[in-house]
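Scroll down for the structure; my scribbles are underneath it.
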Amino acid sequence: MRCGLLGRTLSHSHSLLLHSLLGSYDYTLFEIPPEQVEDFLRSGPWDGLNVTIPYKRTAYALCDSLSPAAREAGNVNTLLRRPDGSLYGDNTDAFGFSYLLEKSGISVAGREVLVLGTGGAAQTVCSVLHRLGAHIAAGYHTVPPCTETLRRTVTDFFPISAPNRHQNAPIVINATPVGMYPHNGRSPVNLADFPHCEAVFDLIYNPLRTALLLQAETLEIQGFNGLPMLCAQAAAAASVFTGAPVSYEKIRRAEDTLRRKLENIILIGMPGSGKTTLARLLAKDLGRECLDCDEEFLRRAGLTAEEFLIKQGEAAFREMETEILRDLGKRWGTVLSTGGGCVTRPENRALLRQNGRVLWLQRDPDKLALSGRPLLRSTTPRALYEARKDLYADFCDEAASNNADPARGLAQIKEILEKT
């Protein structure tokens, strides 16, 4: 079969890898401008098709027949060209969102659920929530282009700028693109306005942790990203293409593979703890790109980090370091070695954690390699460690020892990664 993904901009899509894990059909990315979409849908070189932003409603209008899920949601994300040339439209996002809810263990029946957005994704979410017996409210930025089905399903539409109308909602779902790559760091709402919130779902999967989910983490609210939904809807689409039943085992394997591939491995720790050496060894071992903040600093400033600190001072140095982390943190699938003091700026925590698994590389202060470290001219390694150890603990997911030779440090890091 000739299958693929239709969209306007697909350079950061993970569908090629995902469908290679789910089916034995050819899969292509089709970047088509709006004025050519209708012709492509009617006569393009495809047999099965996934559809993404901004063409889901266009595809819906051109279908000759629809699945119940597509009809209820008012949009399609999966198409099949039948032998007679007619177009069949399905909405496998509905299955994907149902899978995400089931995996989370969060019950929505009889509970108020706040859905942010009124586009195709929000319509699908609301249709599933309605079927499960939730009480739904939808927030939007501008006048919502809602279908009549969605209007009947939702009890209240309100501007996202007025969240106080539903501040008691225990469940919040982001079905907008706010916070999605490349606009990382943005959030559609402030969760502090929802004091009774128990769970947050963000359908975005790039970055893995959006600003909304990172805030949920800080507030100790359960948070779930859109990666399980992505994998489950793709498995359901593969079933439409091939006629084979959906395999839950394939969904789980695809999710694990994709998460591991997307997640950066980020090393933090004291100056001289061996982060650069181990990052290079780990990147080579895993076949990943190795990024180094000090090397990026030299490339941008024309000075080493030590030279810049001496000439410009620590405040200017930290500001530029944050800008570097803001850019490198958006990348995925890398090994990143950071500067020892990146933990001194709280805003860097989100920049590292948005796509990364953060490992604290620990070494006894007496064993640190500290030549050429200007910040240590006015303090001792032990005093600097005592000042920073709680910050390292707050930033990291796990800690690994690098007191012995690099080979043992590498083995310990790989053991940690294999367990998660």
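The values are calculated or read from the model by the stated rules, or taken from the named source; none is laboratory data. Quick caveat, the model's predicted, so the values are computed rather than measured. Virtual Cβ from ideal backbone geometry, glycine too; neighbours counted across all protein chains shown. Only protein heavy atoms, including side chains, enter the accessible area calculation; ligands, DNA and RNA are left aside. Shrake-Rupley method; radii C 1.70, N 1.55, O 1.52, S 1.80 Å.
Right, D47: within 22 Å of A254 (Cβ to Cβ), of a type in the set (D, E), buried (at least 21 other Cβ atoms within 10 Å of the Cβ) and modelled with pLDDT of 95 or more or not? No, not satisfied. When you check V108 against the structure, is it open to solvent by less than 30 Å² (accessible area, probe 1.4 Å) and closer than 17 Å to T78 by Cβ, yes or no? Answer is no for this residue.
For L41, the test of being of a type outside the set (V, I, T) and either closer than 21 Å to S247 by Cβ or in a strand (DSSP E or B) (or both) is failed.
Listed by position, the strands (runs of 3 or more DSSP E) inside the stretch 174-293 whose residues that are open to solvent by 30 Å² or more (accessible area, probe 1.4 Å) number at least 1 are 222-224, 289-292.
Condition first: in contact (Cβ under 8 Å) with a residue 24 or more places away in the chain and either part of a loop (DSSP other than H, G, I, E, B) or of a type in the set (G, A, S) (or both). Now tell me which residues in the stretch 294-310 satisfy that.
Residues of the stretch 294-310 that are in contact (Cβ under 8 Å) with a residue 24 or more places away in the chain, as a first pass: 294, 296-297, 300, 305-306, 309-310.
Scanning the stretch 294-310 gives a single hit, A305.
Of the residues that sit in the stretch 126-160 and are touching a residue at least 60 places away in the same chain (Cβ under 8 Å) and in a helix (DSSP H, G or I), which one is least open to solvent (accessible area, probe 1.4 Å)?
First pass over the stretch 126-160, keeping only residues touching a residue at least 60 places away in the same chain (Cβ under 8 Å): 147, 149-150.
Next, only the ones that are in a helix (DSSP H, G or I) stay: 149-150.
Numbers: T149: 42, L150: 6 Å².
Among residues in the stretch 126-160 that are touching a residue at least 60 places away in the same chain (Cβ under 8 Å) and in a helix (DSSP H, G or I), the one least open to solvent (accessible area, probe 1.4 Å) is L150.
Restricting V108, V115, V76 to residues that are closer than 30 Å to C197 by Cβ, among the β-branched types (V, I, T) and touching a Cys at 6+ places or on another chain (Cβ under 8 Å) narrows the list to V115. Of everything in the stretch 4-14 that is touching a strand residue (DSSP E or B) at 6+ places or on another chain (Cβ under 7 Å) and open to solvent by 20 Å² or more (accessible area, probe 1.4 Å), the residue that is modelled with the highest pLDDT is R8.
Would you pick out the residues in the stretch 133-181 that are of a type in the set (F, W, Y) and under 27 Å from S13 (Cβ atoms)? Passing the criteria: Y140, Y181.
Looking only at the stretch 378-420, residues that are touching a residue at least 40 places away in the same chain (Cβ under 8 Å), open to solvent by 30 Å² or more (accessible area, probe 1.4 Å) and of a type in the set (K, R) come to 1 in all.
Can you report the number of residues in the stretch 328-349 which are among the hydroxyl-bearing types (S, T, Y), buried (at least 18 other Cβ atoms within 10 Å of the Cβ) and under 12 Å from F395 (Cβ atoms)?
1
Residues are listed down the side, and each one gets a yes or a no for (1) surrounded by 18 or more Cβ atoms within 10 Å (Cβ to Cβ); (2) among the β-branched types (V, I, T); (3) under 20 Å from the mean Cα position of the chain (by Cα); (4) under 16 Å from S127 (Cα atoms):
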residue	(1), (2), (3), (4)
R2	no, no, no, no
L17	no, no, yes, no
T28	no, yes, no, no
S65	no, no, no, no
N75	yes, no, no, yes
R81	yes, no, no, no
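For the stretch 164-173, filtered to residues that are in contact with a strand residue (DSSP E or B) (Cβ under 7 Å, 6 or more places away or on another chain) and not in a loop (DSSP other than H, G, I, E, B), the residue that is nearest to T52 (Cα to Cα) is I173.
Evaluate the following for G302: is it on the phi > 0 side of the Ramachandran plot and open to solvent by less than 60 Å² (accessible area, probe 1.4 Å)?
Numbers: on the phi > 0 side of the Ramachandran plot: yes; open to solvent by less than 60 Å² (accessible area, probe 1.4 Å): yes.
Spelling it out, G302 is indeed on the phi > 0 side of the Ramachandran plot and open to solvent by less than 60 Å² (accessible area, probe 1.4 Å).
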